[in-house]
Each structure stands twice: as C-alpha cells, then as structure tokens.
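Down below is the structure, laid out as structure tokens.
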Amino acid sequence: MKISQYNSPKSKIGFSSFNFKKLDNVKIFEDFKAKLINNDKEMDCFVRMKTAPNRFFISVNTNDNKILGENTSNTPHEGILYNCIINNISHNPKIKGIGSVMRLGDIIMTLENKIPKIQLFSIGQAVYFHSKFKFEPAITDFMEIKSYIAGDIANKLYDKRFSKFTAKALKWLDSDNIPKIEKIKQGNKLLYEYIAAVNKYKLNRDEDFILSPGFDMELKREDVIKNKDFFNKLFKKSGIDYQISDCDSY
C-alpha cells in the first residue's frame with residue numbers, strides 16, 4: 001500500500017502538503033492544514049503533533065495558535081495505539097469537526113507506522129461518534145456484552161425500526177450451545193450493527209439510546225485500508241491533504 005497526496009489550493013496557513021519526521025523510530029506528522037465549520041462557514045485550522053515520554057499529543061489550533069482541542073494517546077505498545085482521548089477545549093457548539101480532525105490524525109499515524117489497530121475506551125455519549133469512523137465494540141467480558149444486548153437492544157421491541165435487532169438480541173440471549181468466545185464475538189457484531197442503525201436514524205443524541213457507561217472499541221488498520229474510499233472522503237471533507245491509494249508498495 002502506498003499513501004499518496006492530492007494537491008489542494010494554498011490557504012492562509014503556510015502548509016499545504018504533508019510532511020513527516022521520525023522521533024524514536026516513530027513517524028509523526030508535521031503541522032498540516034485542515035478545515036472546520038464555524039457557524040455554518042468554513043474555518044481554517046492547523047493540526048500539530050507533539051511527543052512526550054510514552055505519549056503523543058495531537059492538537060487542533062486556530063490561525064492565531066489558540067488550541068481548540070487536544071488528543072492524547074499512549075506510545076504504541078505491542079503494536080497497538082492506546083487510549084486516544086479527545087478533549088474539546090473550545091466548548092463552542094458553533095465550531096464543528098474538532099474531534100473528527102483529531103481522530104483522522106490518529107488514523108494517519110496508524111497507517112504511516114503500520115500500527116495494527118487503535119484501541120480506546122469510549123464513554124457512552126461518544127460511542128456513536130467513534131462508530132462513524134468504523135470503530136467497533138471490542139468487549140471481552142461476557143456479562144458486559146450481555147448487559148448491553150439485554151438492556152439496550154432486546155428492550156427496543158416498541159420501535160419497529162429496530163425489530164430485526166431485537167429479534168437477533170433475543171435469539172442471542174436464548175442460545176446456550178455456543179462457545180462463550182464465539183458468543184462474545186457475535187455479541188460485539190450485533191452491537192456494532194445496532195449502533196450503525198441508531199446513527200442511520202439520527203438517534204445518537206436521544207437519551208433512550210445512550211450506551212452507558214461505555215465500553216472498549218477498536219479500529220483495525222486493515223479495515224481502514226479496506227474502507228479507503230470512505231476515509232478518503234473524510235480527509236477531503238476536512239480539507240486534509242492526505243489520501244490512501246490503491247498501491248501496495250508502501
């Protein structure tokens with residue numbers, strides 16, 4: 001695979017192409033341009049990456065260097081990027097896209113360093129946000145996955161839009177002849193499909209659909225590559241000069 005770049009018009013910010021540097025054998029990106037939406041209008045910003053012992057920091061900054069948000073992740077350990085905690089510092093509801101730009105920065109780092117996957121714990125309110133970036137539930141405890149399927153999916157019998165998910169949930173709860181490891185795998189898949197449906201019907205902010213308190217999620221590098229067209233559209237939408245190509249020589 002090869003990562004290529006497309007040429008975008010120069011903006012007020014001085015960087016328009018993607019550059020990288022190596023620190024402790026890890027490729028990190030230099031400042032790059034991106035776009036946010038501020039009060040329904042495009043707003044230029046730039047994304048910066050810094051390091052500290054066992055930590056990476058991705059920040060989104062205004063033209064005058066005011067930090068709008070910062071994302072903290074642990075140094076890749078055993079081939080995995082951990083945590084990736086997003087902090088929206090601006091607290092301005094009119095500025096949209098800060099979290100998305102930081103999450104795309106994590107994905108770029110994952111691709112450039114051949115990191116197998118990103119793992120994080122998502123609070124309930126953020127599960128639907130992460131699922132929009134193809135993050136999937138990665139629950140390993142049987143009783144935990146059971147509580148979500150019983151308490152959040154099987155109880156949606158009143159809503160015909162979710163009838164197929166409630167049917168699957170009830171069947172999953174009643175099946176006792178499946179090995180526990182396989183049942184957990186099936187449960188995570190069912191939860192992921194349900195989350196996608198909630199997003200589809202734009203119910204992600206409805207209190208009846210909050211998946212409290214939250215759970216582990218992951219995004220595999222292979223899934224990013226498999227869905228390259230989807231992610232390339234996200235990069236372009238955010239004004240980020242980065243594209244995943246079809247080449248496999250990277």
message = For segment 200-221, which positions are in a helix (DSSP H, G or I) and either among the aromatic types (Phe, Trp, Tyr) or under 14 Å from the mean Cα position of the chain (by Cα) (or both)?
response = Phe209, Arg221
task = Select, from Lys156, Lys171, Lys236, the only residue that is in contact with a Ser or Thr (Cβ under 9 Å, 6 or more places away or on another chain) and either among the β-branched types (Val, Ile, Thr) or part of a helix (DSSP H, G or I) (or both).
result = Lys236
note = Checked segment 201-219 for anything out of contact with any strand residue (DSSP E or B) (no Cβ under 9 Å at 6 or more places or on another chain), modelled with pLDDT of 95 or more and open to solvent by 70 Å² or more (accessible area, probe 1.4 Å); matches are Tyr201, Lys202
task = Please indicate, with yes or no, whether at least one residue in segment 61-81 is hydrophobic (A, V, I, L, M, F, W, C), surrounded by 15 or more Cβ atoms within 10 Å (Cβ to Cβ) and under 22 Å from Pro137 (Cβ atoms).
result = yes
query = Checking Phe133 against (1) surrounded by 15 or more Cβ atoms within 10 Å (Cβ to Cβ); (2) in contact with a Lys or Arg (Cβ under 6 Å, 6 or more places away or on another chain); (3) free of Cβ contacts under 8 Å to residues at least 60 places away in the same chain; (4) closer than 19 Å to Asp216 by Cβ, which test does it fail?
reply = (3)
request  = Restricting attention to segment 60-84, report how many residues are in a strand (DSSP E or B) and out of contact with any helix residue (DSSP H, G or I) (no Cβ under 8 Å at 6 or more places or on another chain).
outcome  = 10
Segment 237-250, residues that are modelled with pLDDT under 95 and surrounded by fewer than 19 Cβ atoms within 10 Å (Cβ to Cβ) = Asp241, Gln243, Ser245, Asp246, Cys247, Asp248, Ser249, Tyr250
Qualifying positions in segment 85-99 - crowded, with 22+ Cβ neighbours inside 10 Å and either acidic (Asp, Glu) or assigned to a helix (DSSP H, G or I) (or both) = Ile98
inquiry  = If the requirement is being out of contact with any strand residue (DSSP E or B) (no Cβ under 9 Å at 6 or more places or on another chain) and over 30 Å from Phe32 (Cα atoms), which of these qualifies: Tyr158, Tyr148?
reply    = Tyr158
query = If you take the residues in segment 29-59 that are part of a strand (DSSP E or B) and among the polar types (S, T, N, Q), which one is surrounded by the fewest Cβ atoms within 10 Å (Cβ to Cβ)?
reply = Thr51
remark   = Among residues of segment 7-28 being within 17 Å of Asn232 (Cβ to Cβ) and surrounded by 11 or more Cβ atoms within 10 Å (Cβ to Cβ), the residue modelled with the highest pLDDT is Phe18
task = Answer yes if at least one residue in segment 87-99 is over 12 Å from the mean Cα position of the chain (by Cα) and closer than 16 Å to Lys50 by Cα, and no otherwise.
result = yes
inquiry  = Kindly evaluate Gly151 against the criterion of being at positive phi and modelled with pLDDT of 95 or more.
reply    = no
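The values are calculated or read from the model by the stated rules, or taken from the named source; none is laboratory data. None of these values were measured; they are calculated from a predicted model. Note that each Cβ is placed from the backbone with ideal geometry, even for glycine, and that neighbours are counted across all protein chains shown. Keep in mind that these areas ignore ligands, DNA and RNA; they rest on the heavy atoms of the full protein, side chains included. Shrake-Rupley method; radii C 1.70, N 1.55, O 1.52, S 1.80 Å.
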